[in-house]
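K.L.:
This is the structure I want to talk about, given as structure tokens.
Values in this text are rule-based calculations from the coordinates and carry no lab data. Owing to the predicted nature of the structure, the values given are computational and were not obtained by experimental measurement. FYI the Cβ positions are ideal-geometry reconstructions off the backbone, even for glycines, and counts take in every protein chain you see.
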Amino acid sequence: MNAVTDPIDNLQSLTSLTVLNATAALQRGYAAIKAGQTVFDLRHVLTVDSVSVSVMLAWQRAAHDAGIKLELKNLPPALQSLTKLYGVCSLLFPPDVPLEQDPTLARNPAHDEFAPVKAPETVFAKKTAVAADSANHHPH
């Protein structure tokens, strides 16, 4: 009788990484790292929150402790934005790994909904100017 082994789960089936499934996702990642997996493909993750950054940091810590260099690939725009917002890009990704999607992959149109919104510079300039004027003309 031949033993059938499951294909390595590189987390491609993960579609959500939020507080609702963080523990399960964390355990799946730990199991994959323990099995020697070095690449997690997050292209199908559509729903994220701040917990997702903590989960990815925990995966990296576990991989580091196991002497493995873990590569997180194909992060959706919302997840990239969170890593930038929290200033943890350098902890999650080696400096030589670009964060952008792999151009050889088909684009997932569902990610467009979560793409960062770029506000016109004038909005920020006006707000900054008002704040500066208020600070300079304080009545006290």
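K.L.:
Of everything in the range 42-90 that's within 14 Å of ALA22 (Cα to Cα) and of a type in the set (Gly, Ala, Ser), which residue is nearest to the chain's Cα centre (by Cα)?
P.N.:
It comes out as SER52.
K.L.:
Still on this structure: Could you tell me how many of the residues in the range 22-48 are of a type outside the set (Val, Ile, Thr) and assigned to a strand (DSSP E or B)?
P.N.:
The qualifying residues number 2.
K.L.:
Which residues, taken from the range 67-88, are closer than 18 Å to ASP49 by Cβ and either of a type in the set (Ser, Thr, Tyr) or surrounded by 14 or more Cβ atoms within 10 Å (Cβ to Cβ) (or both)?
P.N.:
LEU72, LEU75, PRO76, PRO77, ALA78, LEU79, GLN80, SER81, LEU82, THR83, TYR86, VAL88
K.L.:
Next question, about the same structure. Mind listing whichever residues of the range 49-72 are assigned to a loop (DSSP other than H, G, I, E, B), under 20 Å from LYS84 (Cβ atoms) and out of contact with any helix residue (DSSP H, G or I) (no Cβ under 6 Å at 6 or more places or on another chain)?
P.N.:
Hit for the range 49-72 is ASP49, nothing else.
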